[in-house]
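Participant: Mind having a look at this structure? Questions to follow.
The values are calculated or read from the model by the stated rules, or taken from the named source; none is laboratory data. Just so you know, these numbers come straight off a predicted model, no measurement behind them. Neighbour counts run over all protein chains shown; Cβ positions are idealised from the backbone, glycine included. Ligands, DNA and RNA are stripped out before the accessible areas are found, and what is left, the full protein with its side chains, is counted by its heavy atoms. Shrake-Rupley method; radii C 1.70, N 1.55, O 1.52, S 1.80 Å.
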Amino acid sequence: MLKRCKFIVHYVSKFNVFEQVRYASQILPQFSAEKYNVKRKNFSNVQAADVSYFQSILGNDRVLTDRDEVLPFNIDWIRNCRGQSQVVLKPKTTQEVSEILAYCNKKRLAVCPQGGNTGLVGGSVPVYDEIVINLMLMDKIITLDEISGALVCEAGCVLENLDNYVRGHNLIMPLDLGAKGSCQIGGNVSTNAGGLRLLRYGNLHGSVLGLEAVKADGTVIDCLRSLKKDNTGYHLKHLFIGSEGTLGIVTKVAIHCPVLPKAATLGFFGIKNFENILELYKSAKSSLGEILSAFEMADNLAITQTVKNLNLPNPISDYPFYALVETHGSNEVHDGEKLSNFLNKEMESGLIMDGTVTSDPAKMQTIWNLRESIAASSLVGGYVFKYDVSIPQKHYYDIVPMLKQRLGDKASAVFGYGHIGDGNIHINISVPQYTKEVVSLIEPFIFEEVSKLKGSISAEHGIGFRKPQFIHYSKEPSALGLMRDLKQLMDPNGILNPYKVLPETN
Ligand SMILES: Cc1cc2nc3c(=O)[nH]c(=O)nc-3n(C[C@H](O)[C@H](O)[C@H](O)COP(=O)(O)OP(=O)(O)OC[C@H]3O[C@@H](n4cnc5c(N)ncnc54)[C@H](O)[C@@H]3O)c2cc1C
């Protein structure tokens, strides 16, 4: 049997980690418009009369214009992008969203929809003076059908709050991600967020049953059905899933919640090399079958840097690679037997060098916390370039050594981790400071390599502000043309999240 490793449980709240890292540096990022040389589009400037109009709909409290209050809504989580908005609106109802958009559309005022502002591609913050429409006050749970598992809620509900709520009814949210304490379900839907358990519960195109969204002209599109089957014409909800606030503002979501697993187990293993991670993944799929709920990997640097930067415990010692294998099932005995057969086999084969397995919720949380904190740990010191690509699994890790070699001592760290079950790797490149020289070494090189491997330049984070000029590496001209047609149809004045997703035509 697998030997239990020295395992100390430390409770580290993810909020501590987030806040500690987020505000580690008080130096304000450069304005995105200057940093990336963006020309302002021909929108109107916000006037005092516009602010008065918004106050007439929302009241003074929900219209922020104070510079200090507005500042956090202008800066993204990674502190790479900074907008120049002077107004943040906090609607509480779909009607208010509709009135705001109808007015902005008529006045040609650009807007930036915003959820929890945890997006990693600069989509959630303005570039110039777009009005921020933050959904945080639309946070009501509307209904939960315990028979079907359909949850209907407002778009501003925080993912973790929803998960806590449905757990009280023997259900779980079908997605889980490191930012769950801050991200909102509307943001998740708008980015088509993937996360840690996509392998088991599928993506949001499958689990979102219906939604309500407001178009640029204020029209409310009501597709808020909670049915699993509804083939009545075009599946319009899909237009809003993953469109990153460029086609409409999502105001309500109906989502299918799977049953809370009665038995859950987590293993954290040390692995000799990347080839063995792939072998272990194959073996886990065949041995664990339907109970496999997550299969994550991280290289040595991803884990050691997180342990060091955030002072977190590593339950096992140093290994070149790590795998995190989770099972969700309904029968502890049956699941335990499957897992121990898998472990015995792979300890014997040498694929698993060492590790720890636990079904104690607190210990599981500590291991998940280590994995989920990798993204935040890389923000400590210097500047970090983050890439989120998907690549056929046999080439999954190739890009990391390639980048290490290309960057040499210009990078202080290059590491990879991610959702190997989905072929989705996150590549982080830490540098002492952002320079154009380093950028030119990484981009478009990384996208060219991903394209050669028939991968996607954005697996789950979206295109946002940072990647439109690279979208052609993953989208054919005909598909891009249709995207433009849809944008023109749904937002003819282009007021919704300009400078994002679609590349400039010239
Ligand atoms: C530590 C950490 C871990 C992460 N892990 C993952 C992961 O595993 N998988 C993953 O997919 N992502 C991950 N992310 C990225 C991010 O959390 C997701 O993209 C998330 O879905 C964004 O939700 P949000 O509410 O913060 O949206 P925001 O960041 O506020 O917005 C994201 C985009 O959606 C738009 N938007 C937001 N709300 C709405 C709305 N109601 N209507 C229309 N448009 C809207 C914004 O304009 C923007 O373009 C992670 C981020 C962090 C910081």
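Participant: Please state the equivalent ellipsoid semi-axes for region 373-441: what are the square roots of 5 times the Cα gyration tensor eigenvalues, largest first, in whole Å?
Facilitator: 21, 14, 9
Participant: Among bridges DSSP assigns within region 19-134, what percent are antiparallel (round to 5)?
Facilitator: Of the beta bridges lying entirely in region 19-134, close to 35 percent run antiparallel.
Participant: Taking the Kirkwood radius as the inverse of the mean 1/r across Cα pairs, report the Rg/Rh of the chain.
Facilitator: Rg/Rh for the chain comes to 0.96.
Participant: Would you work out which of ALA49, GLN184, PRO432 lies farthest towards the positive end of the dipole of the chain, given +1 charges on the beta-carbon of Lys and Arg and -1 on that of Asp and Glu, about the Cα centre?
Facilitator: Result: PRO432, furthest along the dipole toward the positive end.
Participant: Can you classify region 448-506 as rounded, prolate or oblate using the Cα gyration tensor, where a ≥ b ≥ c are the square roots of its eigenvalues, rounded means a/c under 1.5, and otherwise it's prolate if a/b beats b/c and oblate if not?
Facilitator: prolate
Participant: Could you please state how large a percent of the accessible area of the chain is carbon and sulfur, counting protein chains only and using a 1.4 Å probe?
Facilitator: Result for the chain: 51 percent of the exposed heavy-atom area is carbon or sulfur.
Participant: Antiparallel versus total DSSP beta bridges in the chain: what percent is that, nearest 5?
Facilitator: Restricted to the chain, the bridges split so that about 90 percent are antiparallel.
Participant: Note down the nm distance, to one decimal, between modelled labels 7 Å out along Cα→Cβ at GLU332 and at ALA102.
Facilitator: Result for the modelled spin labels: 5.7 nm.
Participant: Within 10 Å, count the other beta carbons around each residue, average over each peptide in 243-250, 178-185, and list them highest first.
Facilitator: 243-250, 178-185
Participant: Given Cβ point charges of +1 (Lys, Arg) and -1 (Asp, Glu) and nothing else, what value in debye, to the nearest 20, does the dipole of the chain about its Cα centre take?
Facilitator: Here the chain has a charge dipole of around 540 debye.
Participant: Still on this structure, I have one more. Using helices alone, what [θ] at 222 nm do you get for the chain, with -39,500 (n - 2.57) per DSSP H run of 4 or more residues, divided over all residues and rounded to the nearest 500?
Facilitator: Result for the chain, helices only: -9500 deg cm²/dmol.
Participant: Identify, among VAL127, LEU58, ASN117, the residue whose Cα sits farthest towards the positive end of the charge dipole of region 19-134, taking +1 on the Cβ of Lys and Arg and -1 on the Cβ of Asp and Glu, with the dipole about the Cα centre.
Facilitator: The residue sitting most towards the positive pole is VAL127.
Participant: Return a whole-number percent for the relative contact order of region 141-256, with Cα pairs under 8 Å and 6 or more residues apart as the contact set.
Facilitator: 32
Participant: With only alpha-carbon atoms counted, please give the Rg and Dmax of region 193-267, in Å.
Facilitator: Cα radius of gyration and Dmax of region 193-267 are 14.6, 50 Å respectively.
Participant: Taking the 0 to 90 degree range and rounding to the nearest ten, how far is the long axis of helix 94-107 tilted relative to the main principal axis of the chain, both from C-alpha atoms?
Facilitator: Here the helix axis deviates by roughly 60 degrees.
Participant: Karplus couplings for region 331-346 from phi (6.51 cos²θ - 1.76 cosθ + 1.60, θ = phi - 60°), rounded to Hz, Gly and Pro as x?
Facilitator: Going residue by residue, I get 9, 4, 5, 4, 5, x, 5, 4, 5, 6, 4, 4, 5, 4, 4, 7 Hz, with x marking Gly and Pro.
Participant: What nm distance separates the two modelled labels at LEU480 and ASP66, each placed 7 Å from Cα along Cα→Cβ?
Facilitator: 4.5
Participant: Sticking with this structure for a sec: Mind ordering 134-143, 189-198 by average Cβ neighbours within 10 Å, highest first?
Facilitator: 189-198, 134-143
Participant: Please list 3J(HN,Hα) in residue order for region 453-468, calculated via the Karplus relation 6.51 cos²θ - 1.76 cosθ + 1.60 where θ = phi - 60°; whole Hz, with x for glycine and proline.
Facilitator: Along region 453-468, the couplings run 8, 6, x, 10, 6, 9, 7, 9, 8, x, 9, x, 8, 7, 10, x Hz.
Participant: Please give the charge dipole size of region 19-134, origin at the Cα centre, charges +1 on K and R Cβ atoms and -1 on D and E Cβ atoms. Round to the nearest 20 debye.
Facilitator: 400
Participant: Could you tell me, in Å, what Rg and Dmax come out for the Cα atoms of region 141-256?
Facilitator: When restricted to Cα atoms, region 141-256 yields Rg and Dmax of 13.1, 40 Å.
Participant: Can you give the local net charge around ILE185? Use residues other than it whose beta-carbon is closer than 11 angstrom to its beta-carbon, Lys and Arg +1, Asp and Glu -1.
Facilitator: -2
Participant: Of the listed peptides 104-116, 37-49, what is their order by residue-averaged count of other C-beta atoms within 10 Å, with the highest listed first?
Facilitator: 104-116, 37-49
Participant: Run the dipole for region 141-256 about the Cα centre, Lys and Arg Cβ at +1, Asp and Glu Cβ at -1, nothing else charged, and hand back the magnitude in debye, nearest 20.
Facilitator: Result for region 141-256 is approximately 280 debye, rounded to the nearest 20.
Participant: Hey, what do the phi angles of region 434-448 turn into as Karplus ³J(HN,Hα) couplings, whole Hz, using 6.51/-1.76/1.60 and θ = phi - 60°, x for Gly and Pro?
Facilitator: Computed from phi, the couplings for region 434-448 are 5, 9, 5, 5, 5, 4, 5, 6, 8, 10, x, 2, 4, 6, 4 Hz.
Participant: With a ≥ b ≥ c the root eigenvalues of the C-alpha gyration tensor of region 393-484, is it rounded (a/c under 1.5), prolate (a/b larger than b/c) or oblate?
Facilitator: Oblate, because a/c is 1.5 or more while a/b does not exceed b/c.
Participant: How much area per residue is accessible in the chain when the probe is 1.4 Å and only protein heavy atoms are counted (Å²)?
Facilitator: 42
Participant: Multiply the residue gap between LEU489 and GLN433 by 0.36 nm, knock off their C-alpha separation, and tell me the result in nm, one decimal place.
Facilitator: Fully extending the segment from LEU489 to GLN433 adds 16.0 nm.
Participant: So what are region 41-112's ellipsoid semi-axes, whole angstrom, largest first, if each one is the square root of 5 times an eigenvalue of the alpha-carbon gyration tensor?
Facilitator: 20, 15, 12
Participant: Let me ask something else. Apply the a/c threshold of 1.5 to the C-alpha gyration tensor of region 14-143 and tell me whether it is rounded, prolate or oblate.
Facilitator: oblate
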